[in-house]
Amino acid sequence: MPSEARALDTLDYFERNLPAYLEDLRQLVEIESPSLEPQGLKRAALWLQTQFAGLGELRRFETEAGTVLRLYRRGSGPRVLLLAHYDTVHPAGSWSRLWREEGGRIYGPGIYDMKAGLLFILWALRYLVSSGREHPNLEVLLTPDEEIGSRSSRIFIEDAARGADYALVLEPPTGSGDLKVHRKGVGWYLLKVHGRAAHQGVEPEKGVNAIVEASQLIMQIIRAQDLEKGTTLGPNVIKGGTTGNVVADYAEVLVDMRAWTLEEAERVDRFMRGLKPRLSGARLELEGGLNRPPMEPTPESLALFELARGVARELGFDSKPGKVGGGSDGNFTANLGVPTLDGLGAMGAGAHQKSEHVIKEALAPRMALLAELLTRLTRDA
Ligand SMILES: [Zn+2]
């Protein structure tokens with residue numbers, strides 16, 4: 001059978017099974033699983049475990065952040081890592097209705113980021129098993145803490161990445177539906193400024209004003225951005241001082257850092273570590289650093305993208321190589337040199353907001369893309 005006819009066959013499977021997929025998705029979305037609520041995470045992990053059981057060798061690991069699920073399924077050719085997270089940013093009870101269909105869209109907490117995409121993996125596996133089609137060696141990793149920086153699951157992601165030839169990430173595509181090959185690196189810094197308190201009315205000259213010091217540091221930090229290169233530094237939280245008539249003896253600034261390249265991230269890091277106070281008697285402390293290194297495109301990741309794009313075209317849609325300022329767990333796999341393709345999840349919009357939704361009619365084609373891409377990764381891209 002020519003590859004295009006086979007792709008359309010695959011699409012047909014997902015169109016026929018869309019109601020069953022949607023039932024699974026509804027169940028998973030209705031189990032609210034915010035990153036910091038262990039009960040919800042536990043219920044979601046148990047549900048996932050039940051669904052994935054029988055599709056491979058399933059192992060669970062308990063971490064501080066919740067359960068990490070790893071599934072191995074033997075195939076032929078390269079090893080492909082499939083990555084998804086099941087935590088969401090929405091506190092339990094914050095949505096009045098957990099599932100709402102309206103005008104071709106389905107709304108729900110975490111549906112777009114990224115429960116719909118996570119279940120693409122489940123259904124792609126079901127398709128591969130039921131159709132008997134050839135597939136690569138697969139490892140699926142489902143994690144509970146992506147939305148809070150993947151602190152506990154990072155070692156599992158990196159461990160799995162070390163054994164993988166390719167990594168596929170089921171985060172949503174860009175707003176226009178493009179798969180993602182380039183993500184900014186993300187970091188944060190907490191700059192703590194220590195000054196000295198004094199009575200503002202009696203002897204202000206004896207104080208060292210930490211807020212004044214912090215202010216001039218912030219202006220230096222702003223100037224270290226390189227907007228042309230897309231390197232940004234956002235001093236987005238500031239705290240300090242005690243009361244109006246006391247010279248502020250302490251202030252702190254939380255700075256968000258993003259850069260397209262490791263070179264830029266490292267430049268900024270050196271700059272931040274080199275900051276010096278200007279007021280005599282002031283002292284600085286710095287916490288934080290680069291959390292997710294940039295996911296930079298490589299010839300190998302672009303070849304992987306082109307393979308996926310070819311499949312997408314057979315299925316009737318197109319994609320450009322997308323880039324976004326947000327990070328994902330794909331940043332970790334790319335940083336280890338694994339060709340990584342992200343944005344293979346569901347089309348939609350409104351991530352992290354009450355308007356979060358997926359586009360119903362785009363679900364089956366995107367699932368078909370993942371499943372079909374897997375069958376073609378039995379050879380090297
Ligand atoms: Zn996400």
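Quick check on region 341-353. Is at least one of its residues surrounded by fewer than 17 Cβ atoms within 10 Å (Cβ to Cβ), at pLDDT 95 or above and farther than 18 Å from Glu171 by Cβ? No, because not a single residue in region 341-353 is surrounded by fewer than 17 Cβ atoms within 10 Å (Cβ to Cβ), at pLDDT 95 or above and farther than 18 Å from Glu171 by Cβ. Take the conditions (1) among the hydrophobic types (A, V, I, L, M, F, W, C); (2) crowded, with 17+ Cβ neighbours inside 10 Å; (3) free of Cβ contacts under 8 Å to residues at least 24 places away in the same chain; Val237 misses just one of them, which is (2). The condition of being touching a Ser or Thr at 6+ places or on another chain (Cβ under 6 Å) and small (Gly, Ala, Ser) holds for only one of Ala116, Ala167, that being Ala167.
Answer yes or no as to whether Asp178 is assigned to a loop (DSSP other than H, G, I, E, B) and either out of contact with any helix residue (DSSP H, G or I) (no Cβ under 8 Å at 6 or more places or on another chain) or within 16 Å of the ligand (Cβ to nearest atom) (or both). For Asp178, the condition - assigned to a loop (DSSP other than H, G, I, E, B) and either out of contact with any helix residue (DSSP H, G or I) (no Cβ under 8 Å at 6 or more places or on another chain) or within 16 Å of the ligand (Cβ to nearest atom) (or both) - is met. Pairs, please: C-beta under 8 Å, at least 6 apart or cross-chain, first residue in contact (Cβ under 8 Å) with a residue 12 or more places away in the chain and in region 94-114, second exposed (fewer than 11 other Cβ atoms within 10 Å of the Cβ) and in a loop (DSSP other than H, G, I, E, B)? Correct list of pairs: Tyr107/Arg97. From Gly327, Gly310, which residue is surrounded by fewer than 20 Cβ atoms within 10 Å (Cβ to Cβ) and out of contact with any Phe, Trp or Tyr (no Cβ under 6 Å at 6 or more places or on another chain)? Within the list Gly327, Gly310, the selection yields Gly310.
Residues in region 212-223 that are within 25 Å of Glu296 (Cα to Cα) and either aromatic (Phe, Trp, Tyr) or crowded, with 16+ Cβ neighbours inside 10 Å (or both): Ile221 only.
Screening region 2-106 for strands (runs of 3 or more DSSP E) wholly inside it with 3 or more residues that are touching a strand residue (DSSP E or B) at 6+ places or on another chain (Cβ under 6 Å) returns the ranges 57-63, 66-73, 79-85. Those residues that are farther than 22 Å from Ile148 by Cβ and acidic (Asp, Glu), I need them from region 329-369; list them, please. Matches in region 329-369: Glu361 only.
Within region 106-122, the set of residues being buried (at least 24 other Cβ atoms within 10 Å of the Cβ), of a type outside the set (A, V, I, L, M) and more than 13 Å from the ligand (Cβ to nearest atom) comprises Gly108, Phe120. Restricting Glu158, Glu228 to residues that are in a helix (DSSP H, G or I), more than 16 Å from the ligand (Cβ to nearest atom), surrounded by fewer than 18 Cβ atoms within 10 Å (Cβ to Cβ) and among the acidic types (Asp, Glu) narrows the list to Glu158.
When region 240-283 is filtered for residues that are surrounded by 17 or more Cβ atoms within 10 Å (Cβ to Cβ), farther than 15 Å from Gly207 by Cα and among the aliphatic types (A, V, I, L, M), the ones remaining, listed by number, are Val253, Val255, Met257, Ala259, Ala265, Val268, Met272. Going through Leu138, Leu168, Leu179 one at a time, which residue ends up being outside the structural domain of Val237 (by TED's automatic domain parsing) and within 13 Å of the chain's Cα centre (by Cα)? Answer to the check: Leu168. Any chance region 356-368 includes a residue that's surrounded by fewer than 19 Cβ atoms within 10 Å (Cβ to Cβ) and over 26 Å from Glu15 (Cα atoms)? No, every residue in region 356-368 fails to be surrounded by fewer than 19 Cβ atoms within 10 Å (Cβ to Cβ) and over 26 Å from Glu15 (Cα atoms). For region 41-62, residues that are closer than 15 Å to Asp24 by Cβ and among the aromatic types (Phe, Trp, Tyr) total 2.
The values are calculated or read from the model by the stated rules, or taken from the named source; none is laboratory data. Computed from a predicted model, the values in this text were never measured in an experiment. Heads up, the Cβs are rebuilt from the backbone with ideal geometry, glycines too, and the neighbour counts pull from every protein chain shown.
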